[in-house]
Amino acid sequence: MPLRIPPTQKDALKLFMELPDDQADSLRRALETAEPAISVYQLAQTILPKVTLDIKQLRQVIAVVGSLYLSRDQQGLTPDQIAEASVSAAAKEGLLNPGDAEKTSKLKQRIAQFVQLDNSLGVSAKATMLLVKHKNPLASVRIITDVRPIFTAGASPKPRAAVLFHTLELITNTDGRRLSHYIALDSSDLKALKAAVER
């Protein structure tokens, strides 16, 4: 079955292809011994001390290899079959010269090794897929607090009290766009929100 490389993952696949052997080997060993995480990004954070990549590169590589793992799993392919499909897709996209037998063989072997990492990469990739299947996955959250003074009436008004209120900003990734949702809260609402989170 033909494999398509999304434009957003081309750079990550190129980075994975061009990793020196020692870096690829240390990454594979780190993944072999890692516990699964709730997302591929948390998995990257967990193994960061064991590899020589920076966190941005590591996240890119784990995301693209996790995507290949999911493609293999969803299509019922063997590691060798997904490796072959990946190499064909990379050649089609101009990321790999199919005439370079050494690089082609190395990439096939590398992909086949990584897509067999069921316990760490596989579980984390599946968890990430479940997390982002929702329409509005949360990207970030913050609370903005404002104080509004209350003034007395008369010729020279003076602040005699104040009202404290909060705005909860939820930023979601909705249909490929980042959207902000604002909710007004008072102190009792914050306590109710805290109790709901703790429950």
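The values are calculated or read from the model by the stated rules, or taken from the named source; none is laboratory data. Note that this is a predicted model, so its numbers are computed, not measured. As a convention, Cβ positions derive from the backbone with ideal geometry for all residues, glycine included, and neighbour counts pool all protein chains shown. Heavy atoms of the whole protein, side chains included, go into the accessibility calculation; ligands, DNA and RNA do not. Shrake-Rupley method; radii C 1.70, N 1.55, O 1.52, S 1.80 Å.
Anything over 27 Å Cα to Cα? Flag those among LYS50/LYS126; LYS10/LYS133; LYS103/LYS133; LYS56/LYS191; LYS10/LYS106; LYS10/LYS50, in the order listed.
Going by Cα-Cα distance, LYS103/LYS133; LYS56/LYS191 fall outside the 27 Å limit.
Please give the contour-minus-distance gain from LEU130 to GLU102: 0.36 nm per residue of separation, less the Cα-Cα distance, rounded to one decimal in nm.
Value of the extension gain: 6.4 nm.
Got the relative contact order for the chain handy, in percent, Cα pairs under 8 Å and 6 or more residues apart?
18
Does the range 1-121 classify as rounded, prolate or oblate by the C-alpha gyration tensor (a ≥ b ≥ c root eigenvalues; a/c under 1.5 gives rounded; else a/b over b/c gives prolate, otherwise oblate)?
Prolate.
Show LEU168, LEU138 ordered by accessible area, largest first, where the area counts protein heavy atoms only and the probe is 1.4 Å.
Descending order: LEU138, LEU168.
What FRET efficiency would be calculated for the residue pair ASN173, ILE144, taking the C-beta separation as r and a Förster radius of 25 Å, to the nearest 0.05?
The computed FRET efficiency comes out at 0.75.
Taking the Cα centre of the range 1-76 as origin, sum charge times position over the Cβ atoms of Lys and Arg (+1) and Asp and Glu (-1), and report the length of that vector in debye to the nearest 20.
Result for the range 1-76 is approximately 260 debye, rounded to the nearest 20.
Expressed in nm to one decimal, what extension gain is obtained for the pair HIS166 and THR78 from 0.36 nm per residue of sequence separation less their Cα-Cα distance?
Length gained, HIS166 through THR78: 26.4 nm.
Could you grab the relative contact order for the range 87-199? Cα pairs under 8 Å, six or more apart, rounded to a whole percent.
17
Would you work out which of ALA127, VAL147, GLY94 lies farthest towards the positive end of the dipole of the chain? Charges go on Cβ: Lys and Arg +1, Asp and Glu -1.
Farthest along the dipole direction, towards plus: VAL147.
Net charge around VAL51, counting only other residues with Cβ within less than 13 Å of its Cβ (Lys, Arg = +1; Asp, Glu = -1)?
Summing Lys/Arg as +1 and Asp/Glu as -1 gives +1.
Sorted by accessible area with a 1.4 angstrom probe, largest first, how do HIS181, HIS166 fall?
The most accessible residue leads, giving HIS181, HIS166.
Could you report the range 28-179's accessible area per residue, 1.4 Å probe, as an integer in Å²?
With all protein chains present, the range 28-179 gives 60 Å² per residue.
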